[in-house]
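Take a look at the structure set out below.
The values are calculated or read from the model by the stated rules, or taken from the named source; none is laboratory data. All figures in this text were calculated on a predicted structure; none of them were measured in a lab. Positions of Cβ are backbone-derived with ideal geometry, glycine not excepted, and every protein chain shown enters the neighbour counts. Please note that ligands, DNA and RNA were not included when accessible areas were found on the heavy atoms of the full protein model with its side chains. Shrake-Rupley method; radii C 1.70, N 1.55, O 1.52, S 1.80 Å.
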Amino acid sequence: MEEHLTETFAHRHIGPRENHAQRMLNTLGFSSLDELMDTAVPHNIRQGAPLNLPAPLSEPNALAELRRLARKNTVKKQLIGQGFYNTHMPAVIRRNVFENPGWYTAYTPYQPEISQGRLEALLNYQTMVADLTGFDLANASMLDEASAAAEAVLLMNRANRKNKDGKIVLDSNIFPQNIAVILGRTKALGIETEVADLRAGLPEGKITGVVLQQPGNDGGIGHHASIIAEAKEAGAMVTVIADLLALALITPPGEQGADIAVGNTQRFGVPLSFGGPHAAYMATSQKLVRSLPGRIVGVSTDDAGRPAYRLTLQTREQHIRREKATSNICTAQALLAVLVGFYGVYHGPEGLTAIAQRVHSHTARLAQALSSAGFELARDEFFDTLIISVDDADATMSAALEAGYNLRRFSDTQVGLSFDETTEASDVEAIAKLFDAKLDTAEANALPADLLRTSPFMTHEIFNSIRSESQMMRYTTRLANRDLTLDRTMIPLGSCTMKLNAAAEMEPITWPEFANIHPFVPEDQAAGWLELIAQLEGWLAEITGYAAVSVQPNAGSQGEYAGLLAIRHYLEAQGEHERKICLIPASAHGTNAASAKLAGLDIKVINSAPDGSIDVDHLDDLLAEHGEQVAAIMVTYPSTAGIYEAKIADVCGKVHDAGGQVYVDGANLNALVGIAQPGKFGGDVSHLNLHKTFAIPHGGGGPGVGPVCVAEHLVPFLPTEARHDDDGAAGTPVAATLYGSAGVLPITWAYIAMMGADGLTNATKNAVLSANYIAKRLGEHYPILFAGNNGLVAHECIVDLRPVTEKTGVTAEDVAKRLIDFGFHAPTMAFPVPGTLMVEPTESEDLAEIERFIEAMVTIREEIAEIEEGRVELESSVLRRSPHTAAAVVDTTWDRPYTVEQAAFPVASLRVDKYFPPVGRIDNAAGDRNIFCSCPPIEAFEN
Ligand SMILES: *Cc1c(COP(=O)(O)O)cnc(C)c1O
């Protein structure tokens, strides 16, 4: 079928029209995009042939193909449980939040003044989790339950000073996927870990930390108080992996003396989605707050003394670097945490309690019937899960399947089933019938009386005031309106690639045939998912030039960890046990070092040359000194400075010659797709960030997918399925489920399917064009740090504010905050160079939007000049006092040395389209001194 240009998706995805691109090229002195690329990119890394991908599909055809794949999945009622449950996402939350670009296109809330809405939503989540678990505070959020449990183990390992260097003990009644992921993490670090049945008491020896699960793998509710007391007595710390819904009814871990609680929050209204993305939580007491991994929303004040939200201890993220690294969370599950927080607001404590009671009551009724019919149950105290002895598990599973239900195969002669908020009385009847058991009509209860919850939770007003749908709709909208996201403005964040997340890409993820598949269904029920994933992995292998890809890692950081583990395991298989050093350039992203540390490698930092590139002489020295011990080099390409370094192939060659492996961080792949393949120019392994290059929205800090891509020799060491019965020979699981955040993979599938090889390559070229255009235009007003071939940058450029700061005191932060008055989200601040702003426009921004940004930056430069020329004092300047709230500019006592017009409408277009931040500049230091991480009382917002 012949399609008109306007019908092709690439034409919608790429911002600049062809005549605009030509105009930008003229400004740069090039006649064509190809000429620009030929000049910018080193020839020795260019790929020889165009990408071999299927011809691009139009939007309707891509959606039709996705429908075909979705229909290949079979949706049964999922009673498999094991940490994943059917849910009802309230439609008002789905429509207003999950499907609303005002929520899902947000960036991580590092600029708190334009993030108050999502910060409040995340604070609701934290408050709810802390209340339910019985702890002081919780973070927002962790990647999944298994990796959260692993992080809790590492937290105990560094926080327990009393029993340092003891072992970690895991109760055998923990979900197998959690045990498998924890064992992978502790093995990499050489932390002794033992799995034991703790009903028999603690094992012998010095114990640093103990992990329990509530309810356990067998569905039983644990009487944990005595084992926790025994563990504490012996100097151990205790983590409980706990189901939040159960905690509405039973005594929470915080009240039983545990130190940490972790778990999945999926069952609070988030779909199964074949295993993820789901937000996991971690809650603990105030005394551990400074060692808590992940992000924590806290409360501070703004310049007018109003309470304002921000990320507490935000600067820690810059400190998760190099040898100081303690955890490895950058992208988390922010959007999922937001959804869960809204679910809590929607239902409130009494709603959650009612759901929990109903789930339990159904389970207890069934248990009674089964017992009466002579079936043996594994446990007689349970919440929502029964493990039932049968003659032949497979026969029972088949009969259940026939009736439309998936059960859990627990052993050859046991099946398990878990009920959830979607379970109806008719389901209970159908299951009872399956076992020829007779239901009693009475309400039933099997919760142990001495474990009933007595403490209130979610007492804050926010969980007790919003009940009608009008209120709920307006609350979600009110919060969204406080934030600047991609639906209002470009977000020119260097290294983050905030490109378009097209509506057609987003649509399939809520289709029931994708959303309602449990991660542990029989393979034939997930045929559509498996086909989609296999295809996607194949396309990503083609794009990167590697042999194979695993989409299991659920963030870039996890891809790094998986990739480095693959290298370690490969080297060990080669008998090269002494290779333990990872070389990392000084300018690397914080996660690189954190991942290396967590993979059990020692880090040696390679200096940067004055031009921002790798100091090759220093690399030579390091290789000469440590060559025999070098496991790998981790390089980002193009470099974190946004430059196509000419010597990359040379650098890879040197490390290979020394016997090391090359890890190419693929976060900057938006400058490479269709142009060069890391798997071909020297990389042995890379991770990608589908939430950067491949159109998965940033979600306000997650979800993400960080596929790990490897060369042939590393294929056997890709992550495996997290199963405790594995012999753990080759690969190690890094997430609870085989395909990690599978639920968002249709976004990337749709992006690639609709762009096709030419579209993707054109996107790269346009991203490079726009970055160079901005560099050229802004270069007339600010120094641009670093350039490669012919003075060209790759897909981003660094605006150096340091000379201005030296002369006038105006900081990069002042510029970032002043940009808010122009309706812009700031570029990346202080990475990779302190005192700078890194700008990445991506291919999705049209020329008018780019010009609007340039105009803002140039206007700001004029404002800086006023200070430079001594006409304005820095402290009272429009820059230092930015951003300006509506309240500030209507204040009748206005006494600032600039006009209200200059404050609010520095350029004319703002008179029509104006965003006012809800708070002024936030006091970061106050927030870190006085850490307060749950919802503040309403009175705090008065006057
Ligand atoms: C974003 C980024 C990462 C980390 O990715 P996450 O998904 O946030 O964990 C790693 N390296 C670079 C260069 C990045 O820009």
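Output the 0 to 90 degree angle, nearest 10, between the alpha-carbon long axis of helix 847-868 and the longest principal axis computed from the alpha carbons of the chain. Once rounded, one gets 70 degrees. Shown for the range 185-344: the carbon plus sulfur share of the solvent-accessible area, taken with all protein chains present and a 1.4 angstrom probe, equals 52%. In terms of packing, defined here as the mean over residues of other Cβ atoms within 10 angstrom, the peptides 412-425, 604-617 line up highest first as 412-425, 604-617. Principal semi-axes of the equivalent ellipsoid, √(5λ) from the alpha carbon gyration tensor of the range 201-249, are 22, 10, 9 Å from largest down. Computed from the C-beta positions of Gln471 and Glu625 and an R0 of 60 Å, the FRET efficiency is 0.35 to the nearest 0.05. Each Cα pair of the range 509-634 feeds into the Kirkwood radius, which the Stokes-Einstein equation turns, at 4 °C and 1.567 mPa s, into a diffusion coefficient of 75 µm²/s. Given 25 °C and 0.890 mPa s, compute D for the range 98-220 with the Stokes-Einstein relation, Rh being the Kirkwood radius over Cα pairs; round to the nearest whole µm²/s. Roughly 147 µm²/s, to the nearest whole number. For the chain, find the longest principal axis of its Cα atoms and tell me its angle to the long axis of helix 527-544, 0 to 90°, nearest 10. Helix 527-544 sits at roughly 30 degrees to that axis.
Across the range 162-254, how large is the tail of the calculated P(r) beyond 22 Å, expressed as a percent of all Cα pairs? Everything past 22 Å amounts to 24 percent. Between Arg23 and Ala646, the FRET efficiency from the beta-carbon distance, with R0 = 22 Å, is close to 0.15. In angstrom, the C-alpha Rg and Dmax of the range 254-297 are 12.9, 37.
Near the amide H of Ala308, within less than 5 Å, lie the amide hydrogens of Ser300, Thr301, Asp302, all on another chain or at least 5 residues away, with H placed in the peptide plane. List the GluC sites (Glu not before Pro) in the range 464-536 that DSSP assigns to loop (not H, G, I, E or B) and whose Cβ has at most 12 other Cβ atoms within 10 Å. Which are they? Here no GluC sites (Glu not before Pro) fit, given the DSSP loop and packing criteria. Legend: residues His460, His577, sorted from most to least accessible area (1.4 Å probe; ligands, DNA and RNA excluded), read His577, His460.
Restricting the GluC sites (Glu not before Pro) of the range 828-903 to loop positions (DSSP other than H, G, I, E, B) with no more than 15 neighbouring Cβ atoms within 10 Å leaves Glu869, Glu873, Glu875. In the range 778-863, Cα pairs under 8 Å separated by at least six residues give a relative contact order of 29 percent.
The mean accessible area for residues of the chain, using a 1.4 Å probe and ignoring ligands and nucleic acids, is 34 Å² per residue. Computed over protein heavy atoms with a 1.4 Å probe, the carbon and sulfur contribution to the accessible area of the range 1-64 reaches 52%. Kirkwood hydrodynamic radius for the range 575-731: how many Å is it when counted over pairs of different Cα atoms? One over the average 1/r among Cα pairs gives 16.5 Å for the range 575-731. The separation of the range 633-662 from the range 524-595, counted between C-alpha centres, amounts to 17 Å.
Just the number, please: percent antiparallel of the DSSP beta bridges in the chain, rounded to the nearest 5.
The antiparallel fraction comes to roughly 55 percent.
Using the alpha-carbon atoms, what tilt in degrees (0 to 90, nearest 10) does helix 745-778 show relative to the longest principal axis of the chain? So the inclination is approximately 30 degrees. The trypsin sites (Lys or Arg not before Pro) of the range 1-108 meeting both criteria, a DSSP state outside H, G, I, E and B (loop) and at most 15 other C-beta atoms within 10 angstrom of the site's C-beta, are Arg17.
Apply the a/c threshold of 1.5 to the C-alpha gyration tensor of the chain and tell me whether it is rounded, prolate or oblate.
Judged from the Cα gyration tensor, the chain comes out prolate (a/c at least 1.5, a/b above b/c).
Using a probe radius of 1.4 angstrom, the carbon and sulfur fraction of the accessible surface of the range 791-866 is 53%.
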